[in-house]
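Chemist: The structure's right below; bear with me while I get my questions together.
The values are calculated or read from the model by the stated rules, or taken from the named source; none is laboratory data. Keep in mind it's a predicted model, so treat the numbers as computed, not measured. No Cβ is skipped: glycine too gets one built from the backbone with ideal geometry, and neighbour counts run over all protein chains shown.
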Amino acid sequence: MRKMFLAALVVCAVAIATPFSVTSQSPQYDLLITGARVVDGSGSPPRRADVAINAGRIAAMTGTISRASAKEVLDASGLILAPGFIDVHTHADDIWARPRAENFVRMGVTSIVAGNCGGSAADIAAAFERAAQTPASVNFATLIGHNTVRRAVMGSENRDPTMGEIEKMKALVWKAMADGAVGFSTGLQYVPGTYSKTPEIIELARVAANAGGLYASHMRNEGTALEESVEEALRIGNVSGARVQISHLKVDSPSRWGASEQALALIDGARKRGREVEADQYAYTAASSSLGIRFPSWALEGGQSKITERLNDAATWTRIKGEIRGLLAERGLKDLAFAKIASYRSDPSLNGLSMAEAAGKLKGSTSEDAQLETAREMMLAGGASMVYHFMSDDDVHRIMKHPFVGFASDSGVLTPGAGVPHPRGYGNNARVLGEYVRVRKVISLEEAVRKMTSLPAKHFRFTDRGLVKEGYAADLVLFDPRTVADAATFEKPHAYATGIPHVLVSGVLVVKNGEHTGATPGALLRSVAAR
Ligand SMILES: [Zn+2]
């Protein structure tokens, strides 16, 4: 009896308390970030504001928001709050294999675009399916790659496609777009894309454009024929109607240093004619690519068995060597000393050495001839990935100052300790904010953030990302503008960026106090056509 009375009392108490406690104290927001200076991604200067998040979206942003209104409060005094960085040029095609994507999130990247340089999953629907089964810490979008499509239809043959083959390739691009690819990419310095001519690319880019996608171009040449290559990319955009993204814009030949001026002028000209043309760059004076890219393309046709045949034929090898020498001389390079071995499976002890050092180790000579002979042996053993030191600071700075050039890492998801990869995969965004904004003062902080966020978001049609704005996805990065820096170097690349304590994807902390939380809230960013 007494028990029943007590129970009735409790019920009564709850009933009376409810109208007051729930309406006045029940938190309205999931998370409140207080005390930060907001750089909202639009290019506006920093301003003080609290930001409240609810259900993965930015729910409110104003001077001061009551701490009691949120379930959790993150004190961000002294930090900059910016939209999560969007990396539109990655090779994270197998994101499900390493879904934490730690090298990306630790430098503030919350969205990545895979499928660049002509190489992507062949079946985009299957790729999205796998990515959905194993969610990642970053949002994921992909392009469909020309080399992937061409290889599926024509192998690595050095010829024009037949009418039937073009139709087959168009059908593959169409299916990829319908499955959610955000555009079409080329890798015209690689086999087999290097064997294609402009009309073929126009036909395929048009299919992507008709589905609302863009054309991302790793161009045919980035040095000796830079201007012609930019013109080709612009023409493909013009005729196909596709928006154009010029990938990793650079001047990769000392003999052409300064030519970024002409390349940017061509982009400006196209923009004045109303064309939507943009570019991206990574903030380093060295590139990363295959060893094979140094060889004449005809020597790489037909796969490894054909390559082996040519390299083992004395007369053919003499001809190849002569052409490599010619290509180096044209570019103002006297040997392969500018090339460092990043990852060589057959003999990992060479990783990190320049080709001169590798030749010294293997041949007892650092001469140009010994370097070329070493390159031949490495190609016979299946090739290697390389880091190429051949750009100038002036060009990197000039490209960076252009308002329609964003930043992208050109990296995949990296495994700590594996090989000696280009440090950009760990440091690109942090390096821009530390080295180029704070130290060299090449661009302002708000401009750097704009180029990492709203600029690519608009071009790639990520309609609710890239700004700190009410209603937008709560992809956010908090960094300390006094300390943010890249720690990865060419010698020791496996080091996470510093000065970036918190990163959120869809309102969930994926980096907290500088450590990965293990959370995998990444969304799949399918194209408008597929939605
Ligand atoms: Zn590329």
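Chemist: Could you pull out the residue among Thr134, Thr62, Thr142 that is within 16 Å of the ligand (Cβ to nearest atom) and either of a type outside the set (D, E, K, R) or under 25 Å from Lys175 (Cα atoms) (or both)?
Modeler: Result of the check over Thr134, Thr62, Thr142: Thr142.
Chemist: Just to confirm my filter: which strands (runs of 3 or more DSSP E) fall fully inside region 380-492 and include at least 1 residues that are among the aliphatic types (A, V, I, L, M) and surrounded by 24 or more Cβ atoms within 10 Å (Cβ to Cβ)?
Modeler: 385-389, 476-479
Chemist: Which pairs do you get when a residue that is over 22 Å from Arg526 (Cβ atoms), found in region 440-462, comes within reach of a residue that is β-branched (Val, Ile, Thr) and part of a loop (DSSP other than H, G, I, E, B), reach meaning Cβ atoms under 7 angstrom, with the pair 6+ apart or on two chains?
Modeler: Pairs that qualify, where the first residue is over 22 Å from Arg526 (Cβ atoms) and the partner is β-branched (Val, Ile, Thr) and part of a loop (DSSP other than H, G, I, E, B), are Leu445/Val39; Glu446/Val39; Val449/Val39.
Chemist: So, Gly213, is that one in contact (Cβ under 8 Å) with a residue 12 or more places away in the chain, closer than 25 Å to Ser385 by Cβ and in contact with a helix residue (DSSP H, G or I) (Cβ under 8 Å, 6 or more places away or on another chain) or not?
Modeler: Considered against the rule, which asks whether it is in contact (Cβ under 8 Å) with a residue 12 or more places away in the chain, closer than 25 Å to Ser385 by Cβ and in contact with a helix residue (DSSP H, G or I) (Cβ under 8 Å, 6 or more places away or on another chain), Gly213 comes out as no.
Chemist: Continuing with the same structure: Being within 22 Å of the chain's Cα centre (by Cα) and among the charged types (D, E, K, R) is the filter; apply it to region 269-302 and report the residue that is surrounded by the most Cβ atoms within 10 Å (Cβ to Cβ).
Modeler: Filtering first and then ranking leaves Asp280.
One line per residue, one yes/no per condition, for (1) over 30 Å from Leu226 (Cβ atoms); (2) β-branched (Val, Ile, Thr); (3) touching a residue at least 24 places away in the same chain (Cβ under 8 Å):
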| site | (1), (2), (3) |
| --- | --- |
| Ile307 | no, yes, yes |
| Arg345 | yes, no, yes |
| Glu357 | no, no, no |
| Met379 | no, no, yes |
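Chemist: Any residue in region 194-202 that is hydrophobic (A, V, I, L, M, F, W, C), free of Cβ contacts under 8 Å to residues at least 40 places away in the same chain and buried (at least 24 other Cβ atoms within 10 Å of the Cβ)?
Modeler: No: region 194-202 contains no residue that is hydrophobic (A, V, I, L, M, F, W, C), free of Cβ contacts under 8 Å to residues at least 40 places away in the same chain and buried (at least 24 other Cβ atoms within 10 Å of the Cβ).
Chemist: Restricting the first residue to region 227-254 and requiring it to be closer than 16 Å to Gly274 by Cα, which pairs with a second residue that is within 16 Å of the ligand (Cβ to nearest atom) and assigned to a loop (DSSP other than H, G, I, E, B) meet a Cβ separation below 6 Å and a spacing of at least six or different chains?
Modeler: Final answer for the pair search is Ala233/Met219.
Chemist: Same structure, new question: For region 85-100, state whether one or more residues are touching a helix residue (DSSP H, G or I) at 6+ places or on another chain (Cβ under 6 Å) and of a type in the set (Lys, Arg).
Modeler: No, that holds for no residue.
Chemist: So, in region 187-200, of the ones that are polar (S, T, N, Q) and away from the ligand (no atom under 15 Å from the Cβ), which residue ends up nearest to Leu234 (Cα to Cα)?
Modeler: Here the residue is Thr198.
Chemist: List the pairs whose first member sits in region 122-137 and is surrounded by 14 or more Cβ atoms within 10 Å (Cβ to Cβ), whose second member is in a helix (DSSP H, G or I), and whose Cβ atoms are under 6 Å apart, counting only residues at least 6 apart or on separate chains?
Modeler: From residues that are surrounded by 14 or more Cβ atoms within 10 Å (Cβ to Cβ), the pairs are Ala122/Thr148; Ala122/Ala152; Ile124/Ala176; Arg130/Trp96; Ala131/Ile95; Ala131/Trp96; Ala136/Ile95; Ser137/Val105.
Chemist: Quick one: is Thr186 at negative phi, assigned to a helix (DSSP H, G or I), β-branched (Val, Ile, Thr) and in contact (Cβ under 8 Å) with a residue 40 or more places away in the chain?
Modeler: It is false that Thr186 is at negative phi, assigned to a helix (DSSP H, G or I), β-branched (Val, Ile, Thr) and in contact (Cβ under 8 Å) with a residue 40 or more places away in the chain.
Chemist: Restricting to region 335-360, what's the tally of residues that are touching a Phe, Trp or Tyr at 6+ places or on another chain (Cβ under 6 Å) and assigned to a strand (DSSP E or B)?
Modeler: Total satisfying the criteria: 1.
Chemist: Select from region 487-519 the residues that are of a type in the set (Ser, Thr, Tyr) and in contact with a helix residue (DSSP H, G or I) (Cβ under 9 Å, 6 or more places away or on another chain) and write down the one among them that is modelled with the lowest pLDDT.
Modeler: Thr489
Chemist: Name the residues in region 374-417 that are more than 30 Å from Gly274 (Cα to Cα), of a type outside the set (Gly, Ala, Ser) and touching a His at 6+ places or on another chain (Cβ under 7 Å), would you?
Modeler: Of everything in region 374-417, those that are more than 30 Å from Gly274 (Cα to Cα), of a type outside the set (Gly, Ala, Ser) and touching a His at 6+ places or on another chain (Cβ under 7 Å) turn out to be Val387, Pro416.
Chemist: Here are Ser111, Ser156, Ser120: which of them is within 16 Å of the ligand (Cβ to nearest atom) and either more than 27 Å from Gly425 (Cα to Cα) or hydroxyl-bearing (Ser, Thr, Tyr) (or both)?
Modeler: Just one listed residue meets the conditions, Ser120.
Chemist: Within region 392-420, take every residue that is more than 16 Å from the ligand (Cβ to nearest atom) and among the polar types (S, T, N, Q) and give me the one that is nearest to Arg243 (Cα to Cα).
Modeler: Ser392
Chemist: I would also like to ask the following. Kindly check whether there is at least one residue in region 250-266 that is buried (at least 16 other Cβ atoms within 10 Å of the Cβ), over 30 Å from Asn351 (Cβ atoms) and of a type in the set (Lys, Arg).
Modeler: No.
Chemist: For the list (1) touching a strand residue (DSSP E or B) at 6+ places or on another chain (Cβ under 6 Å); (2) without any contact (Cβ under 8 Å) to a residue 12 or more places away in the chain, I need the number of the one condition that Lys492 fails.
Modeler: For Lys492, the exception is condition (1).
Chemist: For region 79-172, which helices (runs of 4 or more DSSP H) that fit wholly inside it have 2 or more residues that are over 30 Å from Asp50 (Cα atoms) and over 12 Å from the mean Cα position of the chain (by Cα)?
Modeler: It comes to 124-133, 146-154.
Chemist: Sort out which residues of region 130-158 are of a type outside the set (Phe, Trp, Tyr) and within 22 Å of Gly56 (Cα to Cα), and write them in order of number.
Modeler: Passing the criteria: Ala131, Ala132, Gln133, Thr134, Pro135, Ala136, Ser137, Val138, Asn139, Ala141.
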